[in-house]
Every structure is written in structure tokens, then in C-alpha cells.
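Undergrad: Input: one structure, supplied below.
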Amino acid sequence: MTKKFIVCCLLALFLNVSFSQNTTDDTVTITGKVLEKDTNIPLEYATIVLKNIKNPSDISGGITDANGNYAVEVKTGTYAVSFEFIGFKTETIPNKTITKNENFNTIYLSIDAEALDEVEIVAEKTTVEIRLDKKIYNVGKDLTVRGGTVSDVLDNVPSVSVDVEGNVALRGNDNVRILINGKPSGLVGLNSTDALRQLPAESIEKVEVITSPSARYESEGTAGILNIILKRSKLQGLNGAITTDVGYNPAAGINGNINYRTGNINIFNTSGYSYRESPGNSSSSTEYFSTGNILEESNIYDRVRKGLTFNSGIEWYINDSASLTTSFLYRDSNNERNTRNLLEQFDANRNLLSSTLRLDPEMEEDKTTQYAVNYQKNFSDSGHVLTFDFQYEENSEGENSLVSVDNVVSERVATLEEQTQILLQTDYVLPIGENSQFEAGYRGNFNTTATDFQVEFLDTDTNQFYVSTDLSNLLNFREYLNAVYSQYGSKFGKFSYLLGLRLENTQLTIDQPTTGDFSKRNFTGLFPTVNLNYEFSDSENLTLGYARRLRRPRGRFLNPFPSRSSVTNYFQGNPNLNPSYSGQFDLGYLKRFGKFTLNSSIYYAHATDAFSYVSFDTGETALVNGEELPIIQRTPINLATEDRYGFEFTLTYNPSRNWRVNGNFNFFQNETKGTTPNGLSLDNTNTSWFARLNNKYTLPGAIDWQTNLFYRGPDQDAQNNREGIFTTTMAFSKDLFNERASIAFNVNDLFNSRKRKQTTTTPTFDAYSEFQWRERSFNLSFTYRFNQKKKRTQRGNYEGGDDEFEG
């Protein structure tokens, strides 16, 4: 409570100071009109941008109204003033001193003939920016995610795949770190998979794919980092967009991005509510070699997800060189999952021996609260920046279920997980000369998690529930991370480089009051990074990156108490699990030629103590309808080594202004070597691939039609063989009301084919299973924009990206 009180007081103080300042002392208004040169027609939604000469990061601006008029509030100073409109040549006043209210009269813009042919393509396509340590994908006008979620957006980003359970992988590796605006965020919460399924897609501006992270980034994530940048406008006045959607399987939602800037205050808000029903199913068939009996298990899932997200903040531009941002996030979701589990046991001749119906209705309530403060100081020389960040976050996740077997209530399960996180971060960037830069910083993450898992069984004699001490457990997990880094980058001619070194210390504490077990672990590591870039021309470059990365074991992986999915299957953590270290290389090539853009990479990673899951017969049995059935356990272990390598390419082709085609192919192979504690070899080579084809075409009547095809090839590990998965998404969109609004209809998983099919082979049993997390769905969405135009939003500023050295 003390921590909460202090944080709330600090936030209130910052907000009070922000609003108590006089914002008009050095603020003036510039006015004028923007017309098309040849016709004198007013250009509505033309953009006026004012960039401070002394501090280029200080950018103000506005847009014209229906009559081409504008009025922009700006602080006194010297600016580069530009007037822009898509398809027209930009007019610039390079050095304009503004000391009082002033009318710029009429500015005439001329049509840019070359740009006009590409205007639709530029406004709509998913553009790629290449930097020394990342690729930035502007989400663009992707119809298939209208009314969708962040998970749907990531599933369309090159190099990224999302499996049937919603788990995100980068180049086939699921150990990917997900950040929001460059930092861990309450928008992701305790369960990132569920959280990503609830965040609206319309809130995203860009996705940064960082496969070779520089020293600035934390070392967690052997696959790399996905940094999701949220939309935030800096235009003067009130502007934003509101989207509503409705769908089947039953779904509905509303969300909005609203921004208001006046003088030196910018207020932003992103809020939304969603309701989603997601029916799914799974089935499995297991044959036990010792008896020849076959156990068939089927599950039907009825899920309902209801979520509210509120994220609001204030930016205060204290003066020309300093700003303070405070924000508050609240997320509340209530979910239901009703599982119908049918167990049927047959003998070798397929005669039914027993049948059990298990019903597991589960209620889940998740709450997240986050307070954040950011201070940025810009020094007189461009790019010389000092930032401080503070973030305090609380997460709570509660689950309750009442299990019945053959229509008799027999079990109650309750899980309560509470987490507190504190983030402290500072970064300092110092330009050296015109083409060099030094950077250093500190980050501290302090995470405390308490998990209370309680199982109660019904005593049929007394008709009372009693706590199972064998299955109930209380786990207190603490992770403290302290890190410092420095890096230096420079550019000479066509060559640039960025060299960095990061030192991280991790302290883990695992406390189990139920059993009295207590352990501490402490490990320190050095993480060097190298990023090189050579520009052959403006349209061709080559990059090479190296980074040492880490995968840390966390609470669930370390908790030795079982978590059951049924009476015959459970997951159990491994308290002896060690962190996994990897060194990875990435060679990338980008080439633009004519209407084609090729972006390709070759990559390799070598990991020690790599994580892997193993399933085995525990030797224990569960009594089901008088029959003794074997219990199967699944647990994580450290393998000796893992080698991953592969290549990928993305090819974009724009045949005309009405047609765009984008293809992505990723081929990867991993070799694992190691043995289980009982000596079973898990040496294995797995080769797989996935391909994505995105086709977008404008039909007569200005109706946009988009189709996404995705296929993930078959893959295998030491015990499991998974079949390929094919899925199709289709969408149509039409602009309304002079492009102030849009209506879109999409079908997710058109052929209802997104199913995981898997065969498991062990020395004691064989199993075949199928799983479908979400069945085919339909969605209709409507978006209305005010004081902004659809195509202009694709070119807006964004917040939260790191000011990395660019080659």
C-alpha cells in the first residue's frame, strides 16, 4: 500500500504541475491557406510541419480544413516550415523566424507527376525501414486485421508466425521478447498470449522486428525482440479515430485513439472494449504398449473473452529542450472457458472398457494497473539526449473452476497469481562529430510474483470438500535484473557500424512455503553486440549482425508442482532448469529495383542448455471408472546444445497503383543434442518452413480486396511429428464520406483449416492429437476519423522507438 500511495502521489503531482503552467507566454499562432497551383482548389488535410532549427526533435504542425485554411499554435523561435500533400511537391521555407502572430498568406502546391502514379501504393503498402539493428514494418492499410487484435497483426508481419494456440514465434523460434514502445508493458500482462488477443489492431503504428538486438536492449529472447509501437499523433488540436466491429462467432467491440494538443500540452488516449466468443476443439488417441489398450480423449472448448483497456497520458513540453510524459494504464478482462472432456478406453480389439465425461467450467479475471513517467532532455547539439523512465505495474490473475465427473461435482480448483513490477531506466546519447555516436544506460527490472494454486476434492462420505496437500501449492518467485550497457557507432562513406557491450546480473528467489523449500540463484553475463552496414546505393544495402542472447527460466517452468489438463495428463516445472545462452549471426540484404523490393537474410544461432519439453509415462495411474490409467507428465529440461540456421526473403511487387503483391518465405532447421535424466537420447534434426502470400487489389467502385495465404510446413522433434498447417484470410473494404470513414468485412480462416495435427512416439506409448484453438470467424468493422485523413495517418509520427544510431 505504501508503494501504491507514493506512486499515486507522484503521478498526481506531475499532472498538477503540468496543468498549472502558463502555456501562452511564448506561444503564437500562424495562419494561412493552401491551394492547388493549377486550379486554385483548396487542399483539405494538407500538412503543415514546423521543425525547430535548434532542436530538430521539437516538431509542431497542423492540417488544413475543407477550405484549405489552417491555424497552428507554435512557440516563438526559428523553424523550417514545410507544406505537404500526397501527390504534390513539398514547399519549404527553410529558415523562418517566428516572434508574433503571423499570416503566411497563400501557399500553392504543384502536382508531382512521378509521385502521383505511386500515391496509392505509398499510402497503403507496408513499408520497410532498415537500420543497423532492426527492421521496421509500418503496419499500413491491412484489411485483414480490421476489427482484429494485435495477435492478428503479428501474424501478418514477415518473419513472424502465430500458431493455433496464439503463441508468437520469430523465424520458427518461440523464445521471442515482446515489448510495447520499447519497454515491458502492462498491455502484455501476465499472459502475453491472451493479452495480444485482446488488444485492438487499430492501436498499432509499427512493429519493429529486431533479430540482432543492439546492447541497448535487454538480452532476453534467443529469437530476438518484437517491439510494438502504438499510435500517437502530435498534430495540433483534437484528432483521432473510432472503430466499432461486430462478428460471428459472436464478437463485438469498440475502440478509439484520441489525441489533443494545444500549446505545450499533448493529451493522448487509447481505449477499447471487446467481446469475443472463440469455440475450439481437440482430440487425441493414445496406445499403451504394455497392455495394448487405447485411450481416446476429446475436448470441446467454449470460450468467452470480455476486455476493457484504458491507456491515457499527458506530454508536457516544459521548454524547447525538455519534456515530461506521464501515463496511466488500466486493463480489465473477464474470461470464461467451458471445457467438455470425454475419456474413452478401448482394448486392443476396440471394445469399450470405460467412459468418463469431465466438465470443467473456468472463470478467469485479470486486472493490470500501470503508472509510467518519462523525462527527456535534449541538449543544444542535435541528437544529444538524456532520458529517464520509471514504471510501476501491478497484475492480478485469478482462475476458478468447478470440475464434475459423470455429472457429479468432484473437484474445485482455484489459482491466484499476483505480480508487481518496477522498471527504472536511463539512457544517454552523445553525438561525436557529424557521423558518430556514443550511448550508455542502465535498466533495472524488479519482479515479484506470488502464485497460490489450490485443489479441493469432494469427500463422498461427508459431502464436503477437502484441500489436496499433494496438488495444492504456494509459490513465491522473485526476479531482480540489473543491467548496464554502452555502445558506439560511426559512419564513414558507405560503411557504418555499431558496437556494444551489455552486463546483466539476474537474482532469482524461489520460495515454496507449502513444502518449506527455498532456493536462490544468481548469474551474471556479458552480452556483446556487433552490427555492420554497407550501402551500395540508396536502393541496395548489406547488413551483418552478431548478438549474444539469453533465455531465463521463469515461475511456471521452475515450479515442481503439477498443473493438470486432465486426470491422466499434467505439466510439471523443473526447479533445476538453467538459463540458456546463445550466440547468433544475421546477414541481411535489401534491394529495390523497379517495382520490386527484395529483403533477404541468412541466420545462424548456437545455444547451450537449450530448453525442450519431454513427455513420459510417470509409472503412476489414475482410477477412472474402476480402471487404472497411466499418467503422462510433460516437463521442460535443458538439452546439451541446439543449432538453428536458415534463410528468409520477402519480395514485394507493385504491378500498378491498384495492385500489390507481397510474398514471404522462411526456411529453418534446428539440430538438438542431449539426453533426459533417465538416459533417453533426444538428438534430433528438424527442418521446417513457412510461406505467406498477400495479394491486394482495388476492384471497380473503389472496393479494396485482400487475400492472405499462409502455410507452415511439417516439422518434428525427438518425440513429436507435426503436420503442415494451411490457412486463408480474406477481406473487403470501402471508403465512405470523402475518406473520413471506412467499412470492412473479413473472414478469418476461410476454409476452417487452421488445425495442429501431431503424432507423439515414446518407448511406452504412441499418441495422435488434433487441436483447433479458434474456428472460422467473420467480422464487420466501421472506422470514422476526425481531423485526420486515412492516407495521412500512414505517415504520422510515432512514440516509443529507440533513438538508435542509424547507418
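What follows draws every value from the coordinates through simple rules; no lab data is involved. Note that the structure is a prediction, hence the values are computed from the model and not measured. When we count neighbours, we look across all protein chains shown, and the Cβ atoms used for this are built from the backbone with ideal geometry, even at glycine.
Undergrad: Of Phe328, Tyr613, Pro94, whose Cα points farthest to the positive end of the dipole of the chain (charges on the beta-carbon: +1 Lys, Arg; -1 Asp, Glu; origin at the Cα centre)?
TA: Pro94
Undergrad: Would you mind calculating the relative contact order of region 350-480 from Cα pairs under 8 angstrom and at least 6 residues apart, reporting the percent as a whole number?
TA: Answer for region 350-480 is 20 percent.
Undergrad: How far is helix 2-20 tilted, in degrees, relative to the longest principal axis of the Cα atoms in the chain, given as a value from 0 to 90 rounded to the nearest 10?
TA: Here the helix axis deviates by roughly 20 degrees.
Undergrad: Among Ile314, Trp773, Asn686, whose Cα sits farthest toward the positive end of the charge dipole of the chain (+1 at Cβ of Lys/Arg, -1 at Cβ of Asp/Glu, about the Cα centre)?
TA: Positive-most Cα among the choices belongs to Ile314.
Undergrad: A further question on this structure: State, as an integer percentage, the relative contact order of region 599-675 based on alpha-carbon contacts under 8 Å between residues 6 or more apart.
TA: Relative contact order here is 33 percent.
Undergrad: Only counting other Cβ atoms within 10 Å, I'd like Arg350, Arg521 sorted with the fewest neighbours first.
TA: Least to most surrounded, the residues fall as Arg350, Arg521.
Undergrad: Are any of the pairs Lys696/Lys734; Lys51/Lys75; Lys306/Lys757; Lys183/Lys231; Lys231/Lys696; Lys206/Lys595 more than 19 Å apart by Cα-Cα distance, and if so, which?
TA: Lys306/Lys757; Lys231/Lys696; Lys206/Lys595
Undergrad: If you don't mind, there's one more thing I want to ask. Going by how many other beta carbons lie within 10 Å of each one, how would you line up Ser312, Ser282, fewest first?
TA: Arranged by neighbour count, lowest to highest, Ser312, Ser282 become Ser312, Ser282.
Undergrad: Another question, if that's okay. Sorting check: for 319-329, 380-390, which peptide has the highest mean count of neighbouring beta carbons within 10 Å, and how do the rest follow?
TA: My ranking of the peptides, most packed first, is 319-329, 380-390.
Undergrad: Let me know the shape class of region 284-401, please: from the alpha-carbon gyration tensor, a ≥ b ≥ c as square roots of the eigenvalues, rounded when a/c is under 1.5, otherwise prolate if a/b is greater than b/c, or oblate.
TA: prolate
Undergrad: Then there's this: According to the square roots a ≥ b ≥ c of the eigenvalues of the Cα gyration tensor, what is the shape class of the chain, taking rounded for a/c under 1.5, prolate for a/b larger than b/c otherwise, and oblate for the remainder?
TA: Prolate, since a/c reaches 1.5 and a/b exceeds b/c.
Undergrad: Nearest 0.05, what FRET efficiency do Phe786 and Phe438 give at R0 = 30 Å with Cβ-Cβ as r?
TA: So, using R0 = 30 Å, E works out to roughly 0.10.
Undergrad: Hey, another quick one. For the chain, what does the relative contact order come out to in percent, with C-alpha contacts under 8 Å and a separation of six or more?
TA: Contact order relative to length: 11 percent.
Undergrad: Roughly how many debye, to the nearest 20, is the charge dipole of the chain about its Cα centre, given +1 on each Lys and Arg Cβ, -1 on each Asp and Glu Cβ, and no other charges?
TA: 2300 debye
Undergrad: Just need the Rg to Rh number for region 549-654, please, alpha carbons only, Kirkwood Rh.
TA: 1.25
Undergrad: A further question on this structure: If you restrict to DSSP beta bridges whose two residues both lie in the chain, what percentage is antiparallel, to the nearest 5?
TA: If I count the DSSP bridges inside the chain, around 95 percent turn out antiparallel.
Undergrad: Right, something else. Note down the nm distance, to one decimal, between modelled labels 7 Å out along Cα→Cβ at Gln716 and at Phe492.
TA: The answer from the label model is 5.3 nm.
Undergrad: What list do you get for Ile59, Ile30 if you sort them by fewest beta carbons within 10 Å?
TA: The order, fewest Cβ neighbours first, is Ile59, Ile30.
Undergrad: Counting helices only, and only those DSSP H runs with n ≥ 4, report the 222 nm mean residue ellipticity of the chain as the sum of -39,500 (n - 2.57) divided by its residues, in deg cm²/dmol to the nearest 500.
TA: Rounded to the nearest 500, the figure is -1500 deg cm²/dmol.
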